[in-house]
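A.B. asks: The structure that follows is given in the form of structure tokens.
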Amino acid sequence: MPPPPPPQPRDKHREFMSHKPPTYSHSAGPLQADDWLKAVEKMLDIAQCNDREKVMYASGRLEGSRADWWDSYNGAHADPATITWLEFKNHFRSHHIPAGVITLKKKEFLSLKQGSRTVSEYRDKFIQLSRYAPEEVADDEKKQELFLEGLGGGLQYPLIAHTSPSHQTLVAKALVLS
């Protein structure tokens, strides 16, 4: 009996497109570019695309003046075939998202307080804004500290008294205590 035929190679582009990745042609606000990039990156990761595929597939979702930006960047690059995903993301962000906006979002994150929010709402806002301060939350201990600082006083004290092995455990304890 002959061996079974080798499996067909995966069509990553078809898989990527099956998730209906958004196009990006204009922006109602500067953070829409970051939201687009985040959504597309998630779909590229699901399709298990390599670095080059990520650049090609994401850039293929740009339209209008955004596609013009990419064509200009790509055309001026010494070797467009070597553009990495990290390079694409960094140049995309620096061109489409004013640095001042990211700075404001980072400050908003660092000064975030629970206030009248429930612990769940505070946790969600904390996670949402933390993407603008990745270096601040890269260390789990620092992430716990920032989360604790923003919690309402009634929850801070019982949680500070006990160390938590992870940010996730700390959040779970805060949810139980609230």
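A.B. asks: I'd like to check one number: the per residue accessible area of the chain, probe 1.4 Å, reported in Å² as a whole number.
C.D. replies: Spelled out: the 1.4 Å probe surface of the chain, per residue, equals 60 Å².
A.B. asks: If amide hydrogens are placed 1.01 Å from N in the peptide plane, which non-local residues have theirs closer than 5 Å to the one on Leu62?
C.D. replies: Placed amide hydrogens put Tyr24 under 5 Å from Leu62.
A.B. asks: Normalised by the residues of the chain, what does the relative contact order come to in percent, with Cα pairs under 8 Å and at least six apart?
C.D. replies: Worked out over the chain, it gives 17 percent.
A.B. asks: What number comes out for the charge environment of Leu37, summing +1 per Lys or Arg and -1 per Asp or Glu over other residues with Cβ under 14 Å away?
C.D. replies: +3
A.B. asks: Let me ask something else about it. Counting helices only, and only those DSSP H runs with n ≥ 4, report the 222 nm mean residue ellipticity of the chain as the sum of -39,500 (n - 2.57) divided by its residues, in deg cm²/dmol to the nearest 500.
C.D. replies: The helix contribution divided over the chain gives -19000 deg cm²/dmol.
A.B. asks: Please report, in Å, the Rg and the Dmax of region 102-178, where both are computed over Cα atoms only.
C.D. replies: Taking only Cα atoms of region 102-178, I get Rg and Dmax of 11.6, 34 Å.
A.B. asks: Further question: If you add up the charges near Arg117, with Lys and Arg at +1 and Asp and Glu at -1, over every other residue whose beta carbon is less than 11 angstrom from its beta carbon, what do you get?
C.D. replies: Local charge sum for Arg117: +1.
A.B. asks: Simple spin-label model, 7 Å along Cα-to-Cβ: Asp140 to Lys173 in nm?
C.D. replies: Label-label distance for Asp140 and Lys173, simple model: 1.3 nm.
A.B. asks: Which of Tyr122, Tyr132, Tyr157 moves most in a GNM of the chain, Cα contacts under 10 Å?
C.D. replies: Tyr157
A.B. asks: Straight distance only, please: which aspartates and glutamates reach the Cα of Lys38 with their own Cα at less than 20 Å, same-chain residues fewer than 8 apart left out?
C.D. replies: Output for Lys38: Glu15, Asp51, Glu53, Glu63, Glu87, Glu108, Asp124, Glu135, Glu136.
A.B. asks: Right, something else. If the chain were replaced by its equivalent ellipsoid, with semi-axes equal to the square roots of 5 times the Cα gyration tensor eigenvalues, what would those be, largest first, whole Å?
C.D. replies: Computed over the chain, the values are 38, 24, 14 Å.
A.B. asks: Continuing with the same structure: When the Kirkwood radius is taken over all Cα pairs of region 15-68, what Stokes-Einstein diffusion coefficient follows at 37 °C and 0.692 mPa s, in µm²/s?
C.D. replies: 291
The values are calculated or read from the model by the stated rules, or taken from the named source; none is laboratory data. Bear in mind that the values here come from a model prediction, so they are computed numbers and not experimental data. Glycine gets a Cβ as well: all are built from the backbone with ideal geometry, and neighbour counts include every protein chain shown. When the accessible area is computed, the model is the full protein with side chains, heavy atoms only, and any ligands, DNA or RNA have been set aside. Shrake-Rupley method; radii C 1.70, N 1.55, O 1.52, S 1.80 Å.
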